[in-house]
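Peer 1: The following block contains the structure, expressed as structure tokens.
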Amino acid sequence: MIQLMWFRNDLRIHDNPALAEAMKSGTVVAIYLLAEGQWDNHCVSEAKRSLIVRQLHTLAEQLNNLNIPFFVKQCEFFDESSKVLIDFALDLKAESVFFNQEYELNESVRDKQVSKHFMIHGKKVFSYHDSCMIPPGQVLNKSNQPYKVFTPFKQAFLYEYYDQGRPLSPVPSPQRSLPMSSSIELLSEIKLNNTWDKYWPCGENEAHERLDRFVETSLSRYHKDRDFPALPGTSTLSPYLSIGAISTTQCMRTIMSRSDSKVESICKGTSDWMGELIWREFYRHLLVFNHQLCMHKPFKPETDNLPWKHNTKVFEAWCEGRTGFPIVDAAMRQLKTTGWMHNRLRMIVSMFLTKNLFIDWRWGEQYFMANLVDGDFASNNGGWQWSASTGVDAAPYFRIFNPIRQSQKFDPDGKFIKAFLPELRSLDSKDIHEPTSFQIRALNYPEPIVHLADSAKRAKHLFRSLNNHNESSFLDEVDISA
Ligand SMILES: Cc1cc2nc3c(=O)[nH]c(=O)nc-3n(C[C@H](O)[C@H](O)[C@H](O)COP(=O)(O)OP(=O)(O)OC[C@H]3O[C@@H](n4cnc5c(N)ncnc54)[C@H](O)[C@@H]3O)c2cc1C
């Protein structure tokens, strides 16, 4: 019998539970639905679209080697998915559809519709958890509730992982060939800027080479180097994880099989990196039980009463890297140029936007999605709500980063700043973090957009007085000029 494999955010053939199960059950035909209207609605960046499209081409080659015909079909928005899929399944006389789960709200609604249609037509639906290492709902606290704090989640996760963690799915072997050929011509109709290939080559091999390189050269120092944006201290795997070119299970199993528990530094680097993979997992599990997160709502509802600013001039200065704070501006230009930003910098720029400029965190969240090559709803929303102190286990509202101190600590000689702000290359390692007024004028660099101490003080005051409406006028005094 023909089984339909529906690829979505799992663009790989190795460790793909839905594909492995479909192949066990019969002869597989694969499909991908190209939903450009939905990409627009979800603000998918051009960098990510480029990576997806290129990845689909390599996936087509891999599927061809397995004798699996692959079809890319148009489906502007998610609500058309069930019709396109069921028509295709009826044409093929397919028995079932197999897919890996996505947890966001629109995706869940779409999948329910698809399942309903398939069942109405007497066809079966099989879904699997590939992007989580343990299915959401299996890591619960003593009251059988999902965790809202990361550290106990991590402890419970690690405890469960040894018994309940998803094993790697078997490597597929070629099936008998079918009398039909693949059709992926639609991919060539997508017009994309080809500057992204040089930063983010596509392919499962690329993702695995990055993982191997990172494990060989950086993992043992991860805990020491991870916060320094000028160092190659992190894996840069996030774009590949975000489209499913590699899975977190593959990453976790790789480091567990290679780590030498006798070497202390390896243990620390490895356990810190595992911790980051578990943060990703934590935000995914949270989403399943808190769909309001997909509706632009803060995790802490009371923080919706904060008088967030909607000042487009100030916001644009932040987006374009013209705030007058070198570390913030260099980070924003890294994002614009490469589609990626180092984690320490994501924390600095998001906290600066939400606490010093007091701009609505949802503006920053959307701008990140529209520009990040690794845009991932759960991690992005989690990161923004962490910085804005509106989220689960978020940064306490009174602990506001000072971007100049952060810059001095994590980019001490200004190497990262100079890479993205060539206009400041002549400054020494003392002045680069906070140029003098004279240097600002001479180098034609913007004046600081906000007074750091005053704005931080006011943000704290606004959080403290959340329930006192009289206090909201306080924000009007904040010294913000674009
Ligand atoms: C405001 C903000 C927005 C963010 N938006 C995204 C996003 O859209 N997509 C995204 O993948 N990550 C996001 N992150 C998390 C993190 O910054 C990136 O995952 C990380 O920088 C990717 O680089 P890397 O692959 O070298 O990470 P590594 O340090 O090598 O970590 C390995 C993997 O662990 C996961 N990870 C690491 N840190 C985090 C974290 N804090 N939260 C969740 N997962 C993490 C990622 O999948 C990452 O690839 C955001 C963080 C913040 C503060």
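Just so you know, all these numbers are worked out from the coordinates, no wet-lab data involved. Keep in mind the model is a prediction, meaning the values are calculated, not measured. Cβ: placed from backbone, ideal geometry, glycine included. Neighbour counts: every protein chain shown.
Peer 1: If amide H atoms are built 1.01 Å from N in the plane of the peptide, which residues on other chains or at least 5 residues away come under 5 Å of the amide H of SER96?
Peer 2: Counting only residues 5 or more places away or on other chains, the set is LEU4, LYS124.
Peer 1: Would you mind computing, in nm to one decimal, how far apart the modelled labels at LYS409 and LEU178 are, each placed 7 Å from Cα along Cα→Cβ?
Peer 2: 5.6
Peer 1: Between SER257 and LYS116, 0.36 nm times their residue separation minus their Cα-Cα distance comes to what?
Peer 2: Length difference between fully extended and current span is 46.6 nm.
Peer 1: Now a separate question. Which value, in debye to the nearest 20, describes the size of the charge dipole of the chain about its Cα centre when Lys and Arg Cβ atoms bear +1, Asp and Glu Cβ atoms bear -1, and nothing else is charged?
Peer 2: Once rounded to the nearest 20, the dipole reads 760 debye.
Peer 1: How big is the chain on each of its three principal axes, counting only the C-alpha atoms and giving the largest first in Å?
Peer 2: Result for the chain: principal-axis Cα extents of 74, 50, 49 Å.
Peer 1: Sequence-distant or interchain residues sharing an amide H contact under 5 Å with GLY414, placed H: which?
Peer 2: Answer set, sorted by chain and number: none.
Peer 1: At a Förster distance of 25 Å, what's the computed FRET efficiency of VAL149 paired with HIS451, Cβ-Cβ distance as r, to 0.05?
Peer 2: With a Förster radius of 25 Å, E is 0.15.
Peer 1: Under 10 Å from the Cβ of ASN290, count the other residues' Cβ atoms, weight Lys and Arg +1, Asp and Glu -1, and hand me the total.
Peer 2: Overall, the nearby charge balance is +2.
Peer 1: Towards the positive end of the charge dipole of the chain, with charges on Cβ (+1 Lys, Arg; -1 Asp, Glu), say which of TRP196, VAL215, THR151 has the farthest Cα.
Peer 2: Checked the options; the winner is THR151.
Peer 1: Can you list residues whose amide H is under 5 Å from LYS309's amide H, if they're 5+ apart or on another chain and H is modeled 1.01 Å from N?
Peer 2: ILE359, ASP360
Peer 1: So for the chain: antiparallel DSSP bridges make up what percent, rounded to the nearest 5?
Peer 2: Restricted to the chain, the bridges split so that about 10 percent are antiparallel.
Peer 1: The chain: longest stretch without exposed trypsin sites (Lys or Arg not before Pro) (DSSP loop, at most 14 other Cβ within 10 Å), sites themselves excluded?
Peer 2: 263-398
Peer 1: Taking a ≥ b ≥ c as the square roots of the eigenvalues of the Cα gyration tensor of the range 1-136, is the shape rounded (a/c under 1.5), prolate (a/b larger than b/c) or oblate?
Peer 2: rounded
Peer 1: Residue by residue, what Karplus-based ³J(HN,Hα) values in Hz, rounded to whole numbers, does the range 275-282 have, using 6.51, -1.76 and 1.60 with θ = phi - 60° and x for Gly and Pro?
Peer 2: Calculated HN-Hα couplings, in order: x, 5, 4, 6, 4, 4, 5, 4 Hz.
Peer 1: Provide the net charge surrounding VAL72, with neighbours chosen by a C-beta distance below 14 Å and charges set as Lys +1, Arg +1, Asp -1, Glu -1.
Peer 2: -1
Peer 1: What is the sum of charges around ARG110, taking Lys and Arg as +1, Asp and Glu as -1, for the other residues whose C-beta is under 9 Å from the C-beta of ARG110?
Peer 2: Once all neighbours under 9 Å are counted, the net charge is -3.
Peer 1: Can you find, among ASN41, SER25, HIS14, the residue farthest towards the positive end of the dipole of the range 1-133? Put +1 on the C-beta of Lys and Arg, -1 on that of Asp and Glu.
Peer 2: Highest projection toward the positive end goes to SER25.
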